[in-house]
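**Q** Okay, handing you the structure first.
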Amino acid sequence: MNKQKLVVATGNADKIREFTEILDAESYEIISMQKAGIYTEVEENGSTFEENARIKASAIADKTDAIVVADDSGLVIDALGGEPGIYSSRYLGEDTPYSVKNQIILERLLDVPREERSARFICAIVAILPDGREISVQGTIEGYIGYEPMGENGFGYDPIFYVEEYNASTASLTPEQKNAISHRGKALRALRDRLSL
Ligand code: ITT
């Protein structure tokens with residue numbers, strides 16, 4: 001069977017790695033924009049994860065005849081009024097290392113009790129098919145912000161995002177464990193089901 005080509009509209013290498021881990025490698029060929037020879041800067045000026053995913057996918061859909069998939073995702077922390085939310089990658093400075101961003105968030109939550117530390121990762125994925133049709137899916141994982149960074153796996157806010165199931169951060173899970181429960185895992189499995197209909 002011919003593999004379906006998916007060009008992932010992202011500049012984030014960790015997302016590409018997780019896309020490749022999650023989507024059945026026998027059915028899909030996951031191609032980065034770079035590998036597809038597409039270099040486009042996209043201004044993410046939408047007001048929701050879904051809008052931003054659509055903006056990213058649309059910006060490169062006319063530059064390839066493959067399926068284009070974009071992911072817009074982020075961390076929503078209830079005690080911070082939903083921050084960093086859709087600004088997750090820009091929050092506290094685009095170039096600030098995540099070790100620093102995570103430490104600042106922990107300090108901001110210093111006096112917040114465990115029951116008010118709820119948070120979730122959200123992932124919106126928009127795929128644009130070669131015939132112009134669009135598929136939009138979303139996945140969420142509920143958790144809480146821990147009291148200290150934990151684990152070396154994953155990326156971004158994973159060291160401070162803890163899940164009840166393991167009483168540990170998503171950075172301390174194996175890739176298989178994270179992908180089985182993550183926002184991106186859920187969204188990509190929903191996309192896979194829709195693509196194979
Ligand atoms: P592209 O827009 O090029 O895809 P980006 O990293 O800027 O790359 P987003 O605008 O969607 O992507 O920002 C998502 C940010 O949310 C990401 O940089 C992380 O800080 C955070 N994030 C999303 N998913 C995450 C995950 O699984 N684990 C940890 N942090 C995550």
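**Q** Going through Gly132, Gly139 one at a time, which residue ends up being more than 23 Å from Ile77 (Cβ to Cβ), open to solvent by less than 70 Å² (accessible area, probe 1.4 Å) and out of contact with any Asp or Glu (no Cβ under 8 Å at 6 or more places or on another chain)? Quick ask: steps written out before the conclusion?
**A** Details: Gly139 fails: more than 23 Å from Ile77 (Cβ to Cβ).
After ruling out the rest, the residue left standing is Gly132.
**Q** So if I check each of Tyr91, Tyr87, which one is in contact with a Gly (Cβ under 8 Å, 6 or more places away or on another chain), farther than 20 Å from Ile181 by Cβ, open to solvent by 10 Å² or more (accessible area, probe 1.4 Å) and not aliphatic (A, V, I, L, M)?
**A** Working: Tyr91 fails: in contact with a Gly (Cβ under 8 Å, 6 or more places away or on another chain).
After applying the criteria, what remains is Tyr87.
**Q** Restricting to the stretch 108-126, name every residue that is in a strand (DSSP E or B) and either farther than 18 Å from Thr48 by Cα or more than 14 Å from the chain's Cα centre (by Cα) (or both). Write out each step before concluding.
**A** Within the stretch 108-126, the first condition is being in a strand (DSSP E or B), and the residues that meet it are 118-126.
Across the stretch 108-126, the qualifying residues are Ser118, Ala119.
**Q** Strands (runs of 3 or more DSSP E) wholly in the stretch 1-96 with at least 2 residues that are more than 30 Å from Tyr147 (Cβ to Cβ) and touching a Leu at 6+ places or on another chain (Cβ under 6 Å) - which ones?
**A** Values: elements: 4-8, 28-32, 67-77.
Strands (runs of 3 or more DSSP E) meeting the threshold: 28-32, 67-77.
**Q** State which residue is farthest from Ala190 (Cα to Cα) when the search covers only the stretch 45-71 and only residues that are open to solvent by 30 Å² or more (accessible area, probe 1.4 Å) and either within 10 Å of the ligand (Cβ to nearest atom) or among the polar types (S, T, N, Q) (or both).
**A** For the stretch 45-71, the residue satisfying everything is Asn45.
**Q** Looking at the stretch 96-117, can you tell me whether even one residue there is under 29 Å from Gln34 (Cα atoms), away from the ligand (no atom under 12 Å from the Cβ) and modelled with pLDDT of 95 or more?
**A** The answer is yes, given that some residue of the stretch 96-117 is under 29 Å from Gln34 (Cα atoms), away from the ligand (no atom under 12 Å from the Cβ) and modelled with pLDDT of 95 or more.
**Q** Can you find even one residue in the stretch 18-29 that is open to solvent by 30 Å² or more (accessible area, probe 1.4 Å) and over 23 Å from Asp193 (Cα atoms)?
**A** No: the stretch 18-29 contains no residue that is open to solvent by 30 Å² or more (accessible area, probe 1.4 Å) and over 23 Å from Asp193 (Cα atoms).
**Q** Across the stretch 50-65, which residue is nearest to the chain's Cα centre (by Cα) among those that are of a type in the set (Gly, Ala, Ser) and under 14 Å from Ile135 (Cβ atoms)? Break it down stepwise before answering.
**A** Applying the first criterion (of a type in the set (Gly, Ala, Ser)) to the stretch 50-65 yields 53, 57-59, 61.
In the following step, the residues that additionally are under 14 Å from Ile135 (Cβ atoms) were identified as 53, 57-58, 61.
On the way: Ala53: 10, Ala57: 14, Ser58: 18, Ala61: 20 Å.
Filtering the stretch 50-65 for residues that are of a type in the set (Gly, Ala, Ser) and under 14 Å from Ile135 (Cβ atoms), the one nearest to the chain's Cα centre (by Cα) comes out as Ala53.
**Q** Restricting to the stretch 77-89, count the residues that are within 8 Å of the ligand (Cβ to nearest atom) and not hydrophobic (A, V, I, L, M, F, W, C). Walk me through it before giving the result.
**A** Residues of the stretch 77-89 within 8 Å of the ligand (Cβ to nearest atom): 84, 86, 88-89.
Right, trim to not hydrophobic (A, V, I, L, M, F, W, C) and you get 84, 88-89.
Residues in the stretch 77-89 being within 8 Å of the ligand (Cβ to nearest atom) and not hydrophobic (A, V, I, L, M, F, W, C): 3 in total.
Let's see how each residue does on (1) more than 28 Å from Lys63 (Cα to Cα); (2) part of a loop (DSSP other than H, G, I, E, B); (3) out of contact with any strand residue (DSSP E or B) (no Cβ under 7 Å at 6 or more places or on another chain):
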site: Gly132; (1), (2), (3): no, yes, yes
site: Gly139; (1), (2), (3): no, no, no
site: Gly143; (1), (2), (3): yes, no, no
site: Tyr147; (1), (2), (3): yes, yes, yes
site: Gly151; (1), (2), (3): yes, yes, no
site: Gly156; (1), (2), (3): yes, yes, yes
site: Pro159; (1), (2), (3): yes, no, no
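**Q** Given the structure, is Gly74 near the ligand (Cβ under 10 Å from one of its atoms) and crowded, with 22+ Cβ neighbours inside 10 Å?
**A** On the way: near the ligand (Cβ under 10 Å from one of its atoms): yes; crowded, with 22+ Cβ neighbours inside 10 Å: yes.
Answer is yes for this residue.
The values are calculated or read from the model by the stated rules, or taken from the named source; none is laboratory data. Computed from a predicted model, the values in this text were never measured in an experiment. Because the Cβ atoms are built from the backbone with ideal geometry, glycine has one as well, and the counts that use them run over all protein chains shown. Remember, those area values only see protein heavy atoms, side chains included, never the ligands or the DNA or RNA. Shrake-Rupley method; radii C 1.70, N 1.55, O 1.52, S 1.80 Å.
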